[in-house]
Each structure stands twice: as C-alpha cells, then as structure tokens.
C-alpha cells in the first residue's frame, strides 16, 4: 500500500545486477521475489477496492502505477520455470518502498543500484542502506513485487512467496496495444491462433497487452502468444500477420 515518503539514508555499496534482460524492441525483464499482498477490502494506491482472489500486482514506485481500472502499466509475471504466467495490471504501490522504480534505467532513488535489482533485495543480500527501507524499517524479505491473491494463487499457482520472472510490458515500445475486457474470470492466452492451441498463460481484466499483429480473430502478442480479439479493445492498428 502507498505510504508517505520520508528521507532515506543511501549507502553507496557496489552490487552485482540481478538477473535481468532487455534487448532492442523487447520489454525489460527481471527475476524478482514476489510476496502475496492480501489486504482484501482495503483500497489500493489507484483507488481500487481489493476483492477476494483479485488480480493485479503492486510495484514499489508510482512511476509504474496504472489509473483506476486501467492497465497502462501491466506486468507479465511467470513462475521461474515458466509453467504458469499471468498478465496483470499494476494497481498498487509496494512492497517496502514507494520510490524504487528498479525497472527504469534512470531510477528515482537508489540510483547506484543496477537496473532490475530492487532496493529491498539489495538490503537483504548486501546490507544496502543498513538493511532499512526508505521509512527506516528493517527489511525482512527481498520482495520487489506484491501479487494480489488471485494472481498469486490462481494465476501462478503459488503456495508461498517465491522468486518469479517479471516482464514490464510498457517498456517494449510496441506501436499497438490492447486492453483486456472480460466481465468475469480471466482471458486465456494461447500458443497459437485458435482454441485448439494450448493455454500458456492467463490475462486479467484491464491488463494492456502489446500487440504484434492480427490473424483472423486473433491477436499475436509481442511475446509470440495469442489472444482472441473479441476480448481485447485495441489501441492503435495491429498489422496483419
């Protein structure tokens, strides 16, 4: 949840970068530690009231916060083995910090840390900032992302906090995008353009997906997966595949 910022002490200590990836035209990706947010009935930083088995994520900076009901900032989160993935909008700020946009090349705070390395992880692994977050609290886990209960349990099938692979979709610069619009449940993401192809991921309502092209009633996403166009409101024109 969003908290009012206070002055923080920064210790300049060398760190190795967390495993991260970014190639030309592809969105930035990093291995981060995920915790379950919970907080059912509470209000997120963008005004959303959290429901049971909700689907969204929280990142520790308002520089990655979507508007209420929006998905301008959407993260694809996957288990480390890639067996389960969900595309989910960023609707809250946390964990630990509120100025740690670790996915950006030019960070708001903690500028000496490598891109992709959350400040909390640096505090745990190397005693960064004397092991304290920006509010002076002792960091007790290396979390760089919070997952709403539905994303945690149903999307990724997690039973405890875990390391995941997070892909920050808005960093791809894709010319076309589409917002998921489903009345209930999740949108299936498939390996090919048809219901006969296997389900490789799910997408939460309001998630914004980078579109590569369109073939018939299906959009191909920038990562090569497919979603049915009937459940996606496109922004920009996706060329034919």
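The values are calculated or read from the model by the stated rules, or taken from the named source; none is laboratory data. Since the model is a prediction, treat every value here as computed from it, not as a measurement. Note that we place each Cβ from the backbone using ideal geometry, even for glycine, and neighbour counts take in every protein chain shown.
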Condition test on residue 94, is it free of Cβ contacts under 8 Å to residues at least 12 places away in the same chain and in contact with a strand residue (DSSP E or B) (Cβ under 7 Å, 6 or more places away or on another chain)?
no
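Within the range 109-128, how many residues are outside any helix (DSSP H, G or I) and in contact (Cβ under 8 Å) with a residue 24 or more places away in the chain? Full working, then the answer.
The first filter runs over the range 109-128 and keeps only residues outside any helix (DSSP H, G or I), leaving 109-118, 127.
After this cut, where a residue has to be in contact (Cβ under 8 Å) with a residue 24 or more places away in the chain as well, the list is 109-110, 112-118, 127.
Residues meeting the conditions: 10.
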Being under 18 Å from residue 202 (Cβ atoms), in the same structural domain as residue 58 (by TED's automatic domain parsing) and surrounded by fewer than 19 Cβ atoms within 10 Å (Cβ to Cβ): is that true of residue 153 here?
yes
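Name the residue, out of 181, 162, that is at negative phi, in the same structural domain as residue 80 (by TED's automatic domain parsing) and surrounded by fewer than 23 Cβ atoms within 10 Å (Cβ to Cβ). Lay out the reasoning, then the answer.
Details: 181 fails: in the same structural domain as residue 80 (by TED's automatic domain parsing).
Result: 162 is the single residue among 181, 162 that is at negative phi, in the same structural domain as residue 80 (by TED's automatic domain parsing) and surrounded by fewer than 23 Cβ atoms within 10 Å (Cβ to Cβ).
Of the residues that make up the range 48-65, is at least one in the same structural domain as residue 133 (by TED's automatic domain parsing), free of Cβ contacts under 8 Å to residues at least 40 places away in the same chain, surrounded by fewer than 19 Cβ atoms within 10 Å (Cβ to Cβ) and not in a loop (DSSP other than H, G, I, E, B)?
We begin by selecting, within the range 48-65, every residue in the same structural domain as residue 133 (by TED's automatic domain parsing); these are 48-65.
Among the residues that remain, those that are also free of Cβ contacts under 8 Å to residues at least 40 places away in the same chain are: 49, 51, 65.
Then keep just the ones that are surrounded by fewer than 19 Cβ atoms within 10 Å (Cβ to Cβ); that gives 49, 51.
This time we only want the ones that are not in a loop (DSSP other than H, G, I, E, B), so: 49.
Yes, the range 48-65 has at least one match.
Would the range 133-149 turn up any residue that is farther than 15 Å from residue 86 by Cβ, within 15 Å of the chain's Cα centre (by Cα) and either buried (at least 16 other Cβ atoms within 10 Å of the Cβ) or outside the structural domain of residue 65 (by TED's automatic domain parsing) (or both)? Can you show your working first?
As a first pass, look at the range 133-149 and keep what is farther than 15 Å from residue 86 by Cβ: 133-144.
Narrowing the set further to residues that are within 15 Å of the chain's Cα centre (by Cα) leaves 143-144.
Still in the list and also either buried (at least 16 other Cβ atoms within 10 Å of the Cβ) or outside the structural domain of residue 65 (by TED's automatic domain parsing) (or both): 143-144.
Looking for residues that are farther than 15 Å from residue 86 by Cβ, within 15 Å of the chain's Cα centre (by Cα) and either buried (at least 16 other Cβ atoms within 10 Å of the Cβ) or outside the structural domain of residue 65 (by TED's automatic domain parsing) (or both), one finds at least one in the range 133-149, hence yes.
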Residue 21 vs (1) surrounded by fewer than 16 Cβ atoms within 10 Å (Cβ to Cβ); (2) under 23 Å from residue 164 (Cα atoms); (3) touching a strand residue (DSSP E or B) at 6+ places or on another chain (Cβ under 8 Å); (4) modelled with pLDDT of 95 or more: all pass except (4)
Within the range 27-44, residues being farther than 19 Å from residue 154 by Cβ and outside any loop (DSSP other than H, G, I, E, B) number 7
